[in-house]
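What follows is one structure encoded as structure tokens, with my remarks underneath.
The values are calculated or read from the model by the stated rules, or taken from the named source; none is laboratory data. All figures in this text were calculated on a predicted structure; none of them were measured in a lab. Positions of Cβ are backbone-derived with ideal geometry, glycine not excepted, and every protein chain shown enters the neighbour counts. The accessibility values were calculated without ligands, DNA or RNA, using every heavy atom of the protein model including side chains. Shrake-Rupley method; radii C 1.70, N 1.55, O 1.52, S 1.80 Å.
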Amino acid sequence: MVVKKIAVLFSGSGSNLEKILENVHGKTFETCKIEVACLICNKKDAYGIQRAKKYGLDTTIVSHTDFSSRENFDRKIVNIIKDSEVDLVVLAGFMRILTPEFTKNVNAINLHPSLLPLFKGANAIINSYNSTMKVGGISVHYVSEELDGGEIIAQECFQKDGMSLEEFEEKIHNLEYKLLPKTIVDILDR
Ligand code: GAR
């Protein structure tokens, strides 16, 4: 059985990382087994690091504050990723703007909590909640040089229907927990 390896990059809570560990890591699909072979986080206190430990996985912490430029930070991350020889890089709540040092050297997908190309950037949930749109949604897309602008791979949407902000956020996260693992498998299991 072919083993395909992924790297997951995150910055905070890591609830999407946990869903990947639960539903994808070490699991066998039709044509391959998928393993999380590399975990990178840019915040030393991120809760995702503890979640990974439950699965016996260590996270490499690369603090962006230790680097004099975005390019130097990205170069360090790319080197770690290259050393781990993964088939795919998954950005699951990795809250960094990436430079061409990263985007030109790594095949990565990103999870974003809006219906791209709408509501790019860090405040996607509140911006889409406050918009006049009747639907909210989520996207998984390839990472390109344009922030949240690469080719869209998969999306889900739902009716807002007078939801509170908390309900809206919960709906988004629940959709993310299914769509990101499914998209990883769809890309690799072929
Ligand atoms: C997720 O909602 C993800 O869509 C968002 O960060 C959250 C991470 O949650 N990503 C972005 O906003 C990227 N621009 P998690 O740490 O619990 O997985």
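A few remarks follow.
- Kyte-Doolittle at least -1.0, axis length at least 18 Å by Cα - qualifying DSSP helices, the chain: 70-84, 165-188
- For the residues TYR142, TYR47, a 1.4 Å probe over the protein chains yields an accessible-area ranking, largest first, of TYR47, TYR142.
- Structure-based [θ]222 nm, the chain - -39500 (n - 2.57) summed over DSSP H runs of at least 4, per residue, nearest 500: -10500 deg cm²/dmol
- Working note: Cα atoms of the range 88-190, range along each principal axis, descending, whole Å: 43, 29, 18.
- log10 of Debye I(q)/I(0), alpha-carbon scatterers only, for the range 1-150 at 0.14 Å⁻¹: -0.70
- Summing Cβ point charges (Lys, Arg +1; Asp, Glu -1) relative to the Cα centre of the range 1-131 gives a dipole of roughly 140 debye.
- With a cut-off of 14 Å between beta carbons, the residues surrounding THR103 carry a summed charge of -3, where Lys and Arg count +1 and Asp and Glu -1.
- Proximal lysines relative to LYS44, as straight alpha-carbon distance under 19 Å, when same-chain residues fewer than 8 apart are discounted: LYS53, LYS54, LYS76
- Protein-only accessible surface order, largest first, of ILE126, ILE81 at 1.4 Å: ILE126, ILE81
- Amide H to amide H, with H built 1.01 Å from N, MET95 comes under 5 Å of SER11, counting only residues 5 or more places away or on other chains.
- Only lysine pairs 8 or more places apart or on separate chains count here, and in the range 89-190 those with Cα atoms under 28 Å apart total 15.
- Ellipsoid semi-axes in whole angstrom, largest first, where each is sqrt(5λ) of the Cα gyration tensor of the range 30-116: 20, 17, 15
- Area accessible to solvent at THR132, 1.4 Å probe radius, in Å²: 130 Å²
- Relative intensity, log₁₀ I(q)/I(0), of the range 93-151 from a Debye sum that treats every alpha carbon as a point, q = 0.26, 0.28 Å⁻¹: -1.06, -1.18
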